[in-house]
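Peer 1: Here you go, one structure.
Coordinate-derived values only; no laboratory data. Predicted model, so just to flag it, every value in this text is computed and none were measured. Methodologically, a virtual Cβ is constructed for each residue, glycine included, from the backbone with ideal geometry; neighbour enumeration extends over all protein chains shown.
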Amino acid sequence: MVSRATAQPRGSTPLALVDHLVMNVGHAEEPKNIIVWLRDNLGLSYFWKFFIDQEDEEGRIRQIVHRQEFNPVNQRETLVKRLGRRVGIQQQPELPTYVTAAAKAYEYVRKYYNEGDSVILLADSDVSPDAVIAATELLVKCLLGNKAPPERLEDLPHFEPGDAGRGRIPVKCVAFGVAGFNYQDQDVTILNETILAKFPASIEHVICWKCKDESFSSCSTVRQPTGHIKTKEVCFCPGDYPRWYDLQIHLTKRLIQYMPNYVPTWDEGEPTWVQRRLDQSEDVTWFGQPTNGSVQSRGERPVGVQSIELRKYDWENDSGRARTCLVWKSFYD
């Protein structure tokens, strides 16, 4: 019997080496997630601790993470600058912090991005949401235009790199979260519409959430490259939620890879009840038993909505506390 090794023609590459090279090429070409997390808070969001940011068992890198924080102003540095102005030392105006953050994030993505990778931007704030949004907007401009932000403050208002075509780095998702008193009087659906208007239609997923002491709410929109909305989902979880990260992971678990043990599964079981309406003339279809105080099904449907579904989930968390979440999802034409 002729062995595999002796059957190779002279001068050929050993089959074991060929297999190894093919495996390595396959690994190199496999797409990965590139997560950029821009935040200004002091640690109120913990869901980043459960990101998978390492090689898997086969040595493949499926996801990498870049964390970019907005640090508080250095008071000593400010004092030095003030003294410099008093003695007449001319100083160049500094770029805003959000520009520096966007520049660092852009360099990171450009360094590691390969065609087919999914770029996901997380903007998390409980101090200065406008700055976090501005950094995300600027970063998207840089990625789509494949151009770093300007280094001089006077050039910033005129920075419009446009679309670099095949050289662009596409963004799959923008997620924006606020906590505390920020946007306290603004409904999360309005917040989602505001964020949608700030970013190009090529971004497929736009997710917003609001964390408050007595509730957690979110609004997620999926749209086509034309800007046409495919689905919109609103979640409302009443009650004291000391572990917001459970819900933050829930909202992003189909886009970001998390440690499996920390991914919530309450939405994968049967809901307590479901109601659906397929068209304007059709009555509500109930599945399960609605409880007192459930959301009314009457009312005008948003323009373009083909069908609406409302689900209620009840479950117990790891501490045995009862939790509830209402999920309202609309499907567009």
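Peer 1: Taking amide H positions as placed in the peptide plane 1.01 Å from N, state which residues far from G177 in sequence (5 or more) or on other chains have amide H under 5 Å from it.
Peer 2: Excluding prolines and chain starts, which carry no amide H, the hits are A123, D124, S125, W209.
Peer 1: Please list, ordered by chain and number, the residues whose modelled amide H lies under 5 Å from the amide H of H66; skip anything fewer than 5 residues away on the same chain.
Peer 2: I35, V36, W37
Peer 1: Take T252, T265, T272 and order them by how many other Cβ atoms sit within 10 Å, fewest up front. Walk me through the numbers on the way to the answer.
Peer 2: Working: T252 22, T265 10, T272 19.
The fewest-first ordering by Cβ neighbours comes to T265, T272, T252.
Peer 1: Sticking with this one: When the Karplus curve 6.51 cos²θ - 1.76 cosθ + 1.60 is applied with θ = phi - 60°, which whole-Hz ³J(HN,Hα) does each residue of the stretch 163-176 get, with x for Gly and Pro?
Peer 2: 9, 7, x, 5, x, 6, 10, x, 10, 8, 8, 10, 10, 10
Peer 1: In what order do I190, I61, I249 fall by count of nearby beta-carbon atoms within 10 Å, going from fewest to most? Kindly include the intermediate steps, with their values, before the conclusion.
Peer 2: Values: I190 13, I61 16, I249 20.
Lowest count first: I190, I61, I249.
Peer 1: Spelling out what I want: for every residue of the stretch 258-267, take phi, set θ = phi - 60°, compute 6.51 cos²θ - 1.76 cosθ + 1.60 (Karplus), and round to whole Hz; glycine and proline get x.
Peer 2: For the stretch 258-267, the Karplus-derived couplings read 10, 4, x, 5, 10, 8, x, 10, 4, 7 Hz, x marking Gly and Pro.
Peer 1: Let me ask you something else. Return the ratio Rg/(2.2 N^0.38 Å) for the stretch 152-222, where Rg is computed over Cα atoms only. Can you show the working numbers first?
Peer 2: On the way: Rg = 15.4 Å, N = 71, 2.2 N^0.38 = 11.1 Å.
Dividing the Cα radius of gyration by 2.2 N^0.38 Å gives 1.39.
Peer 1: What are the lysines whose alpha-carbon lies under 25 Å from the alpha-carbon of K212, with same-chain residues fewer than 8 places away excluded?
Peer 2: Leaving aside lysines fewer than 8 places away in the same chain, those within reach of K212 are K49, K198, K232, K253, K312, K329.
Peer 1: Here's another thing I want to ask about it. So for H228, H66, H250, H158, fewest C-beta neighbours within 10 Å to most, what's the order? It would help to have the intermediate numbers written out before the result.
Peer 2: Values: H228 11, H66 17, H250 21, H158 7.
Fewest-to-most Cβ neighbours within 10 Å comes out as H158, H228, H66, H250.
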